[in-house]
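K.L.:
Please find one structure pasted underneath; my questions will follow.
Rule-based calculations on the coordinates, nothing more; no lab input. The shown structure was predicted, so the numbers you read here are calculated from the model rather than taken from an experiment. As a convention, Cβ positions derive from the backbone with ideal geometry for all residues, glycine included, and neighbour counts pool all protein chains shown.
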Amino acid sequence: MVFVGSDDQLTVPTAVKIVIAGGFGTGKTTMVGSVSEIAPLRTEELLTEAGVHVDDLAGIEGKDTTTVALDFGRITINTKVVLYLFGTPGQNRFWFMWDELATGAIGAVVLVDTRRLDSSFPSIDFFEHRGIPFVVAVNCFDGAQLYTVDEVRHALDLDDSIPVVLCDARDRESSKAVLVGLIQHSMNRLEAAV
Amino acid sequence: MTAREDWWYDEAAGPLVRPYAMVRGRTRPNAPDLHLVTQVRASSFASDQTSLTVEHREIMALCARPLSVAEVAAYLDVPLVVVKVLLSDLIERGDVIVQNSPPQIPDRDLLQAVLDGVRGI
Ligand SMILES: Nc1nc2c(ncn2[C@@H]2O[C@H](COP(=O)(O)OP(=O)(O)O)[C@@H](O)[C@H]2O)c(=O)[nH]1
Ligand SMILES: [Mg+2]
């Protein structure tokens, strides 16, 4: 196996990632698309019918499989750093994917739709339990902003230290602001830890 | 590349026909750790490609610039598990180089760079 040699080093960037989580239809793919420099890409993991992750093709032939899609985008930060944004469904049977996604991630944005707050509960639980920095972004679907930030915080039973912001996932500046807030939150957490 | 509809949802042939044809059911016993964002790039010293499959060559062309494993899978339109096998072949041949660092929590400098970068887009 050939690893990056000295003369190749400069041209292979460090990759970092942010997870965009939340229930179905909360605007994950929309947010990825708003900030990504490329149209969102889609990649698929295989699951058996029973929901078991297929990470090896041996013995899987002939078994029924299904796929779970990951939408992702890319922001080239500079020649040395590239940021990936992964939008992924927050459903329990996909946790195997979340483990890989969350490992080494800067943190997560949990999108919520106040008309269906409960669809984002599993995502919040996941990041809370793993101690992964996250912010909650309330996607303001037209006329659906029924609650204040404080009401959402209360309804989701969020710790005061978790930032809650309003956003429009279709809007680039709004989505950028959410990402900036998350990165700052991660930096604060890092500083608090040392 | 064949359109996805031609194989992935081919009821008669079964859902895994195409990926199997590509990797012939092989596993990756000595494979490097390939994560979603692991960066791969074609080596500037790539060997003779005549014996490579179409998919391998397609990867070589894609990786003329550094890409993540997830991007290669998306552009090739194959599941991640398949692209990892194909990439492992190329890495073993020395035709593709891989970033040899495990995923780590970004440190302060890296976070600052990302923050500045996102603000600048
Ligand atoms: N009005 C409005 N619609 C949105 C907003 N964000 C997403 N949508 C729409 O909501 C639907 C679901 O969004 P999508 O990004 O696919 O959700 P995902 O399932 O979380 O990836 C799409 O039709 C979007 O166009 C928003 O901020 N406001
Ligand atoms: Mg989506």
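K.L.:
For a paramagnetic label modelled at 7 Å from the Cα of B:Arg119 toward its Cβ, which residues of the range A:175-194 fall within the zone defined by backbone nitrogen distances under 20 Å?
P.N.:
Output list for this probe position: A:175-192.
K.L.:
Another question about this same structure. Given axes a ≥ b ≥ c from the Cα gyration tensor, I'd like to know whether the range B:41-81 is rounded (a/c under 1.5), prolate (a/b larger than b/c) or oblate. Before the final figure, lay out each step's value.
P.N.:
Details: a/c = 2.71, a/b = 1.39, b/c = 1.95.
Oblate, because a/c is 1.5 or more while a/b does not exceed b/c.
K.L.:
Could you pull out every residue, at least 5 positions away or on a different chain, whose amide H is within less than 5 Å of the one on A:Gly107? Hs are placed 1.01 Å off N in the peptide plane, and Pro or chain starts have none.
P.N.:
Counting only residues 5 or more places away or on other chains, the set is A:Val19.
K.L.:
Using a 10 Å cut-off on Cβ atoms, rank the peptides B:80-89, A:73-82, A:97-106 from the highest mean neighbour count down. Spell out each step's value before the answer.
P.N.:
Values: B:80-89: 23.1, A:73-82: 17.9, A:97-106: 20.3.
Ranking, from highest mean packing down: B:80-89, A:97-106, A:73-82.
K.L.:
Also, I was wondering about something else. Other chains near A:183-192: what is the mean number of their Cβ atoms within 10 Å of each residue's Cβ?
P.N.:
What the average comes to for A:183-192 is 3.
K.L.:
Collect residues whose amide H, placed 1.01 Å from N in the peptide plane, falls under 5 Å from the amide H of A:Thr14; neighbours closer than 5 in sequence don't count.
P.N.:
Counting only residues 5 or more places away or on other chains, the set is A:Val81, A:Val82.
K.L.:
With charges set only on the Cβ (+1 for Lys and Arg, -1 for Asp and Glu), what does the dipole of the range B:76-121 come to about its Cα centre, in debye to the nearest 20?
P.N.:
Roughly 120 debye for the range B:76-121.
K.L.:
Which of the three applies to the range A:112-194, rounded, prolate or oblate, going by the alpha-carbon gyration tensor with a ≥ b ≥ c and a/c under 1.5 meaning rounded?
P.N.:
It comes out oblate by the Cα gyration axes.
K.L.:
Let me ask something else. Within 10 Å of each Cβ of A:68-79, how many other protein chain Cβ atoms are there on average?
P.N.:
3
K.L.:
To the nearest whole number, what is the average tally of beta carbon atoms from other chains within 10 Å of the beta carbons of peptide B:66-74? Please report the intermediate quantities before stating the final value.
P.N.:
On the way: counts 8, 3, 9, 2, 10, 7, 1, 6, 9.
The per-residue average across the peptide is 6.
K.L.:
Here's a follow-up. Taking a ≥ b ≥ c as the square roots of the eigenvalues of the Cα gyration tensor of the range B:30-121, is the shape rounded (a/c under 1.5), prolate (a/b larger than b/c) or oblate?
P.N.:
prolate
K.L.:
Between the range A:133-172 and the range B:38-94, what is the separation of their alpha carbon centroids in Å?
P.N.:
41
K.L.:
Also: Find, among the GluC sites (Glu not before Pro) in the range B:43-82, those assigned to loop by DSSP (not H, G, I, E, B) with at most 10 other beta-carbon atoms within 10 angstrom.
P.N.:
Hits after loop and neighbour filter: nothing returned.
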